[in-house]
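What follows is a single structure, written as structure tokens, with notes after it.
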Amino acid sequence: MWETILIGLLVVVFISWLKSSVRPSNFPPGPVNLPFVGSAMILDVRNLTKSFATLKNKYGDIFSIYVGSTPVVVLNSYQVIKEAFDRHEFSGRPGNFSGTFFQKGRTGISTTEGKHWKVQRDFLENYLDNLTGAGHKAVEEVILDETTDLKSEFSKHEGEPVSVSYKTNISILNVLWNVVCGRKLHSQQQEFQTVYECIDKITQFMSRAAIFSFLPVLTKLLPESITCIERGRYYRNRFHEISEKWIQEHRQDYRGNRTGDLQDAYIQRINQGDDTFSEQGLAAMLREIFIIGAESESVMMRWVFRILSCNPQVQKKIQAELEAVVGPKAQVKWENKDDLPYTMAAIKEIQRYADIAPTGLMHKTMCDVKIGGFTLPEGTLVMANISQCHRDPKLWLKPEQFYPEHFLTQDNTLKSVEELPGFLPYGIGKRACPGAKLADMQIFLVVSNLLQEFSLSMPGEDAGVIATQFKSGTSVLRNPRPYRVVINNRVSS
Ligand code: HEM
């Protein structure tokens, strides 16, 4: 009798595996789906985009893989990524484990969809557009102030090999802090230290926990000491308390039509009774700005310092341009950018070459959709192979090299956006990063003002290999391998 039950069970497991391994009808093709592991056996999970290049050669621009038993469609050319992500039907988001754990549910912008997402996203986008558009002077002052502090920190370590991450993170955090709280904190203050620690630990946890979105059973089977959920929960709760405290402080300070910072502007919408605006929504948005925004900018700045220190000839060209256009002493301002094509080209090339978000964030279809002749049922997960665009030999003359001329016309002017298909550091379409302009402004002002005063070089023992660190903390964002940089004052050296 036991034998019959066992055989029956095996047959049920086998049939359900067979069913789950068969792709839906007219679904993009791809490698075989094995029970429990999906396509994991044929994917290099530490370097997904390398595996995708192989699969693209075999299956074309649109193929599918399985993560566990979940199919994921991968888009592999600029044309199909643009076509898909410009459409509302592809603007959904899976309620992934990390995002919903961190926010205690689906709230904020990056994990929500539909009307809530659209209204909240429009608010943030408009707020940041105004901040960085015609009236950009206020935020520019804040960034320049931080850059001055950064320069004086660097002066203290002239000629020594140093790690620049912590110092640059402080200035990134302070700018965001100003945007959302209208004030600056000293990095030694307890509140600053607590937020810094929370961001660091939460991003580490979210990266490690990415797998739980596909294998949630692991969170039940494994002890919390292994899944690190207990630790993640501790830092998440601390960050929730802090973001809620900020709102209470703003509520107390709220005086009629004062619109000093992002929180004031949001509270005004709550007070007007606008649909989808709530204190919980504001707290979620603040946490997102600090987690997604600060971490992305921090990783990008790590690449900026690494790539520049390995390319002294590029620094010299930037410095010559700055000297000719702005002069050796005057502060470089955002309005100077249009007269600094080489500097802008070098920064954009760093963004292309660093390729910090190789697959961006996962999207989800909002209804049954067709693309490239295939049919994707509602709820299908969709991933963009952004690396493919950044390394496409059809789009870039020297895709594997750091070559700022990629962004210059023959007359040495900066190419327009239309001339640069395939340049997607911030994603594209309906879900493209709303913080892009703020991040661009910050990178430009930091790089130009620092290089006016300092040159960056590698320590003697550094062979100058620019490489990626494939470790936890990099499942969404690619970090450079840890390095040190030598800062030399241009006047004294
Ligand atoms: C160098 C800096 C940054 C990079 C490279 C970057 C990159 C990205 C990418 C690739 C996405 C995913 C797009 C998609 O889903 O298709 C994204 C989304 C997002 N980013 Fe950024 N980002 C940066 C800075 C910022 C900043 C400073 C903020 C906030 C002030 C921010 C807020 C967001 C938000 C809220 C989303 C989710 C948008 C949505 O789901 O609609 N990012 N970012």
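Here are some notes:
- Close Cβ contacts (under 7 Å, 6 or more residues apart or on different chains) running from residues in region 259-275 that are assigned by TED's automatic domain parsing to the domain that holds ASN130 and within 23 Å of TRP177 (Cβ to Cβ) to residues that are acidic (Asp, Glu) and surrounded by fewer than 20 Cβ atoms within 10 Å (Cβ to Cβ) comprise ILE270/GLU279.
- Residues in region 149-171 that are part of a helix (DSSP H, G or I) and without any contact (Cβ under 8 Å) to a residue 12 or more places away in the chain: SER152, TYR166.
- Here ARG306 fulfils each of the conditions (1) more than 21 Å from the chain's Cα centre (by Cα); (2) more than 24 Å from LEU185 (Cβ to Cβ); (3) among the charged types (D, E, K, R) apart from (1).
- Condition check for LYS137: within 24 Å of the chain's Cα centre (by Cα), surrounded by fewer than 18 Cβ atoms within 10 Å (Cβ to Cβ) and either within 16 Å of the ligand (Cβ to nearest atom) or basic (Lys, Arg) (or both): no
- Hey, LEU395 farther than 30 Å from LYS333 by Cα, outside the structural domain of ASN47 (by TED's automatic domain parsing) and either without any contact (Cβ under 8 Å) to a residue 24 or more places away in the chain or away from the ligand (no atom under 12 Å from the Cβ) (or both) or not: yes
- Residue that is crowded, with 16+ Cβ neighbours inside 10 Å, in a strand (DSSP E or B) and not charged (D, E, K, R), where the choices are PHE27, PHE63: PHE63
- Candidates GLY108, GLY99, GLY114, filtered to the one that is within 10 Å of the ligand (Cβ to nearest atom) and on the phi > 0 side of the Ramachandran plot: GLY108
- Check on PHE407, at pLDDT 95 or above, in the same structural domain as GLU295 (by TED's automatic domain parsing), under 20 Å from SER296 (Cβ atoms) and among the aromatic types (Phe, Trp, Tyr): no
- Among the candidates ASP200, ASP149, residue that is surrounded by 15 or more Cβ atoms within 10 Å (Cβ to Cβ), acidic (Asp, Glu) and within 24 Å of the chain's Cα centre (by Cα): ASP200
- For GLY473: the one exception among (1) within 16 Å of the ligand (Cβ to nearest atom); (2) within 18 Å of TYR353 (Cβ to Cβ); (3) touching a helix residue (DSSP H, G or I) at 6+ places or on another chain (Cβ under 7 Å); (4) modelled with pLDDT under 95: (2)
- The condition (being in a helix (DSSP H, G or I), small (Gly, Ala, Ser) and modelled with pLDDT of 95 or more) is satisfied by just one residue among ALA53, ALA138, ALA84: ALA84.
- Pairs are defined by a Cβ separation below 8 Å, a sequence spacing of at least 6 or placement on different chains, a first member in region 301-318 that is polar (S, T, N, Q), and a second member that is assigned to a loop (DSSP other than H, G, I, E, B); the pairs so defined are SER309/MET458; SER309/TYR483; ASN311/PHE402.
- Matching residues in region 81-98 - criterion: being touching a residue at least 40 places away in the same chain (Cβ under 8 Å) and in contact with a Lys or Arg (Cβ under 8 Å, 6 or more places away or on another chain): PHE85, ASP86, ARG87, HIS88, PHE90, SER91, GLY92, ARG93, PRO94
- Residue check, SER457 more than 16 Å from GLU295 (Cα to Cα), in contact (Cβ under 8 Å) with a residue 12 or more places away in the chain and not assigned by TED's automatic domain parsing to the domain that holds ASN385: yes
- Pair list, Cβ < 7 Å and 6+ apart or interchain, from region 399-426 residues that are touching a residue at least 24 places away in the same chain (Cβ under 8 Å) to residues that are among the acidic types (Asp, Glu): PHE402/GLU349; TYR403/GLU349; PRO404/GLU349; HIS406/GLU349; PHE407/GLU349; GLY422/ASP392
- Among the residues of this structure, ALA330 does not count as one that is modelled with pLDDT of 95 or more and closer than 29 Å to ALA138 by Cα.
- If you go through region 286-342 and pick out every residue that is polar (S, T, N, Q) and in contact with a helix residue (DSSP H, G or I) (Cβ under 8 Å, 6 or more places away or on another chain), you end up with 6.
- Meets criteria (within 16 Å of the ligand (Cβ to nearest atom) and part of a helix (DSSP H, G or I)) for ALA439: yes
- Within region 172-222, considering residues that are basic (Lys, Arg) and outside any loop (DSSP other than H, G, I, E, B), the one nearest to GLN248 (Cα to Cα): LYS201
- Pair list, Cβ < 7 Å and 6+ apart or interchain, from region 105-120 residues that are in the same structural domain as LYS430 (by TED's automatic domain parsing) to residues that are of a type in the set (Phe, Trp, Tyr) and buried (at least 21 other Cβ atoms within 10 Å of the Cβ): ILE109/TRP117
- Selection of region 242-257 for residues being closer than 14 Å to LEU286 by Cβ and either at pLDDT below 90 or surrounded by fewer than 12 Cβ atoms within 10 Å (Cβ to Cβ) (or both) yields GLN248, GLU249, HIS250, ARG251.
- Meets criteria (touching a Ser or Thr at 6+ places or on another chain (Cβ under 7 Å) and part of a strand (DSSP E or B)) for VAL382: yes
- Here the helices (runs of 4 or more DSSP H) wholly within region 273-377 that include at least 1 residues being within 16 Å of the ligand (Cβ to nearest atom) and either farther than 27 Å from PRO421 by Cβ or in contact with a Cys (Cβ under 7 Å, 6 or more places away or on another chain) (or both) are 279-288, 294-309.
The values are calculated or read from the model by the stated rules, or taken from the named source; none is laboratory data. Remember, it's a predicted structure, so these values are computed and weren't measured experimentally. Quick reminder, even Gly has a Cβ in these numbers, built from the backbone with ideal geometry, and neighbours come from all protein chains shown.
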